[in-house]
Each structure stands twice: as C-alpha cells, then as structure tokens.
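Scroll down for the structure; my scribbles are underneath it.
The values are calculated or read from the model by the stated rules, or taken from the named source; none is laboratory data. Remember, it's a predicted structure, so these values are computed and weren't measured experimentally. Neighbour counts run over all protein chains shown; Cβ positions are idealised from the backbone, glycine included.
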Amino acid sequence: MSGLFANNALDVEEQASEWLERRQFSSWTAQDKAALDAWLAQSLAHEIAFLRLEAGWDRTERLAALRPSVSARPVLARLRNMRGRLAGFAAAIVLMAGLGSVGFHYLSAPSEHVFTTALGEQRTITLGDGSVIELNTGTVLRTRIGRNERYAELVRGEAFFNIVHEGKRPFTVDVAKHRVIDLGTKFLIRKNPNRLEVALIEGRAELKSADPEIQQHSVLLTPGDVAVASVSSLSVERATAREISNTLAWQKGVIVFNNTTLADAAAEFNRYNSRKIVIADPDIAGQAIYGTFQAGNVTAFARLAQDVLGLHVENRDRQIVISR
Amino acid sequence: MVEGMDNHRDMAHSQGAHVNAPEVRLWFVREVLPLEAALMQFLQHNWRNQSDIFDLRQEVYMRVYKSALEGLPERPRQFVFATARNLLIDCVRRANIVPIEAVADLEALETAADMPGPDRVTQGRDELRHLQAALDRLPPQCRQTVVLGRIEGLSRREISERMGIAEQTVAKYLARGMRTLVNILYSEAPSVRRPE
C-alpha cells in the first residue's frame, strides 16, 4: 500500500520529541520559542504531534513521586556512578528493589518545579495529586509538592487553580505578601504590579496577609468573592456569575470587556501581545467599551476603536496608537 | 495576519474557525488522546499494512482536530471512530486494490465506537505504578537519563556530567525516552493491562 502515505508520522513524532526535550532539559530562549512556533505553524501534523507528546509527558510528572527518600540516597548515589549496559541493568534491579522496600516513603522528598509561560502563551499543568493549574500569559509559578505539603508561589502573572482537596495536605499559594489556603477549591489568582486579585469560583479558601500594615489579616472566601489587595489594603467584593465567567474567558483564548475603560482594555491586550496599544489621548482613556476579543487579535480591537468609536488609529511598527 | 504574530501557535490553523485553538487543544487532550489505545487497535484490525498505522493515526487526528475547530463534536468517541472508519474507506478507494466488498464491510463497522473504553480516570497509585512499569521497559541508558531528568530534575548538561556521556547523546536518549514513555502510556490503558 505504499504511495498512499508519505510515511512521515514517525519522523514528525521524532522531531516533536526533540523540541520537547530541548524545551524541558536545555536552556530555552525567546529565539528557541520562536523557532518552535515556526515549526508548529508549518503543519497541523506538527502541532498535533507536539500537543500529544506534551500532554503525555505532563502525565509522567507523577514519576517525580518516585524520588527516593533521604534514607535511600546511597542507593541512588551508586546508581549515578554506574555505567554501561550491565550497570544499567543492575541499576534497574537495585532501583526496583529499592522502591519495593522504600514503599510509601516515595513522597517524602518534595519535588520542586518552575513553570513559565511567555507573552501570549498559555499552559495547563496537571500535578501528581490530580490538581490542575492553568497558567495565563507571562506567568511564573513555582511548585513544591511533598508528602506533607503542597505549596506553590505565583511569582508573577495569572493562574487558575483547580485543586483536589486533601484534608491532611492543604494546598497553599503564596503571592506577594499574601497566602491563599485552599479548603477544596477552584480559584483564580492574578498578580498585577500594584494589585492582587483572588477570585473564588467553587468551594472555600482562606486568604491571609503576612503584611502587618494591612488591617484585615484573614478572610474566608466563598464562591463569587473577589478579594482585592493593594499595597495597603485588603477588601472583598462580590462578583456576579457573569463577571466571574468574563474573568475566566482567557481559558478560552478570549478577553471580555464589559463597561471596561479604554485604558484598562488596552492594558489587558498588552498583557498578551508584544505589539502594544497606546492610548495617546487622556480624554478618551475613560471611555467605556464592551465586547469579546481574541486575546491575540490587536487589530480587531483597533478596528473597533476606529469604526465604532470613531477614534484615530495609527499603526506603527511595534505600537498601535489610538487618539481622538 | 500581523495580529497573530504573538499567538502564532493559536492563530496559525484557525482561519475561519468557530472554536478557539486553545479550547480545541484542551478538548483534544481531554477527550481524544485517551482513546488512542482503542483507536490503534481499531486501525490495526482493519488495515493490512501495519507500516501505515502511524500515518493513519496522524491523519485521523488531523481530521478530528480540523472538525473540532468548526465545532466540538458532542460525542467525541463516536466521532473519532467514525472519522477513522471514513478514512479507511477513503484509503481503500484511493488504493484501488481491494475489492469493493471491503468497503461495504468497513461501512458496516459500527461496533468500534461501542467498544468498551479504558478507564479514563486512573487515580494516584495506579497511574504511578503504570508509569513505573513503562519506565522499566526503556533501554537501560535511556531509562537512566529519564530517571535523572524526570525524577531527579537534572538538566541535560548535569545528566551528561553524571553519566559521563556527551550532551548530544543525552539529548538523543531523553527524546527517545520521552517518545517511548508517552507511547506506552497512550497505547495501554491500565485497566486492560495484563496482570503482573
């Protein structure tokens, strides 16, 4: 049946694995990412092969739980120094035997990871406990998962947490000077330079502030609550189901504006794109807009500004300047 | 498509699409990939030339993905197997070497979509045990790079120093380890595995 197929699926899979290996185990620059994006854009087969491999590889995250406990370290040290086929075979036996006797000490050494997304990129992580975290654009998240702790730090950006509740191992997230403690939850944390938002979608969570300057130290959040912390204050607002769903629209690749000022809308677009929108005229910055946009589609937004709002739009190389 | 530059990966294949690429990707991972073991079985049973199997799988995935961009199918399992069946019919016709009855047989193949699927959700220790078994099936050196990389969290360079082999060799082993491990994970559902 030759001739019916290019017989290239296995080659594509091999290339995809080489990209994934580079991204995971080697230094990874903006140029590398651009090269990968170009490769992915070449054909749908590339995109799917990479997606398949990436999702499968994410499942192997659980293997980190096999890390031997401190008492098993000598075994591992020996394993590291062995070479060659015979040694590898022996190592396999030693490791298997080790695992058998180590038993449930698996999880005692916490495993730490750093997950990042570039501008405009989104990523879903599945943790060993079944919890799922979705990272939005420009985000850095550190995780430390061990037998007695589940900990994450949102260094910057925005992440949606869907946490599998474990009474003995609550999931805590540190962000700026605050700590969110999950009590069986879906929640969203967004960190802006001067402002922190925690929106609770399902379940319950506690938000604690480590900053003594802040009056209110701890709040219990219930679904629909949005806690907003600024440099010196912490307050809780109620959000409607619609507002919450708009806040989560990025999970579907869109951003939703509902009575949003032009300035805020521009700032939101600029989170996703390197081609920045500049509102050059302070008089129009407060103008409210409505609409749903593809996060990457800056020109659709510019078109709206021009055609619907009647504003002047100037396309520059790295900027779109909007004025009256 | 200047506006698509930043979201290249998202925009590249989605002209005229009704569903966003990120949503389709999530859907594909959640609904389609877990069917891979059953899909491969179906393709192997119904296609003579086994060297075509991976290309057939690729083609099925591409067709399913493209349709999903137009709208997510409500019954993913049925849709995937209908797509596979249609693809085989197309191939038989194109190849023009199989008597016409084969096409009729394929068209009668409704059972595939009803085959019992593997448990999609496997919890904690089961999945871990499954992964461990998959790891044990890698060739020794390849396996060791994966142990050091995935379990110990070492980089390619650190692994190269530990094992005393060239970085490029480590890269090759790691890439192969990733492929093999992922293929094992997709090709066997824990619930249909032979007892150990």
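Laid out as a table, the results:
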{"item": "Single condition A:Asn270 does not satisfy, out of (1) under 21 Å from A:Glu134 (Cα atoms); (2) touching a residue at least 24 places away in the same chain (Cβ under 8 Å)", "result": "(2)"}
{"item": "Qualifying residue in segment B:94-116 (condition: surrounded by fewer than 16 Cβ atoms within 10 Å (Cβ to Cβ), over 25 Å from the mean Cα position of the chain (by Cα), in a helix (DSSP H, G or I) and at pLDDT 85 or above)", "result": "no"}
{"item": "Among residues of segment B:64-73, those that are surrounded by fewer than 19 Cβ atoms within 10 Å (Cβ to Cβ) and more than 9 Å from chain A (Cβ to nearest Cβ), counted", "result": "5"}
{"item": "Given (1) touching an Asp or Glu at 6+ places or on another chain (Cβ under 7 Å); (2) in contact (Cβ under 8 Å) with a residue 12 or more places away in the chain, number of the condition A:Lys252 does not satisfy", "result": "(2)"}
{"item": "Scope segment A:3-56; condition without any contact (Cβ under 8 Å) to a residue 12 or more places away in the chain, part of a loop (DSSP other than H, G, I, E, B) and facing chain B (nearest Cβ under 8 Å); matching residues", "result": "A:Leu4, A:Phe5, A:Ala6, A:Asn7, A:Ser26"}
{"item": "Condition met for A:Ser323 (within 23 Å of A:Arg156 (Cβ to Cβ), among the small types (Gly, Ala, Ser) and out of contact with any Pro (no Cβ under 7 Å at 6 or more places or on another chain))", "result": "no"}
{"item": "Qualifying residues in segment B:13-36 (those that are surrounded by 18 or more Cβ atoms within 10 Å (Cβ to Cβ) and either over 25 Å from A:Ile125 (Cα atoms) or under 11 Å from the mean Cα position of the chain (by Cα) (or both)) - the one nearest to the other protein chains (Cβ to nearest Cβ)", "result": "B:Val29"}
{"item": "Helices (runs of 4 or more DSSP H) wholly inside segment A:240-324 that include at least 2 residues being aliphatic (A, V, I, L, M) and away from chain B (no Cβ under 14 Å)", "result": "A:241-247, A:262-272"}
{"item": "Output for segment B:37-59, where each listed residue is touching a helix residue (DSSP H, G or I) at 6+ places or on another chain (Cβ under 6 Å), touching a residue at least 24 places away in the same chain (Cβ under 8 Å) and facing another protein chain (nearest Cβ under 10 Å)", "result": "B:Leu56, B:Glu59"}
{"item": "In segment B:154-187, the residues that are more than 7 Å from chain A (Cβ to nearest Cβ), crowded, with 24+ Cβ neighbours inside 10 Å and within 18 Å of B:Gln132 (Cβ to Cβ)", "result": "B:Gly177"}
{"item": "Test: residue in segment A:144-152 that is crowded, with 16+ Cβ neighbours inside 10 Å, of a type in the set (S, T, N, Q) and either in contact with a His (Cβ under 8 Å, 6 or more places away or on another chain) or more than 20 Å from A:Thr60 (Cβ to Cβ) (or both)", "result": "no"}
{"item": "Matching entry among A:Ala267, A:Ala295 (being of a type in the set (Gly, Ala, Ser) and at pLDDT below 85)", "result": "A:Ala295"}
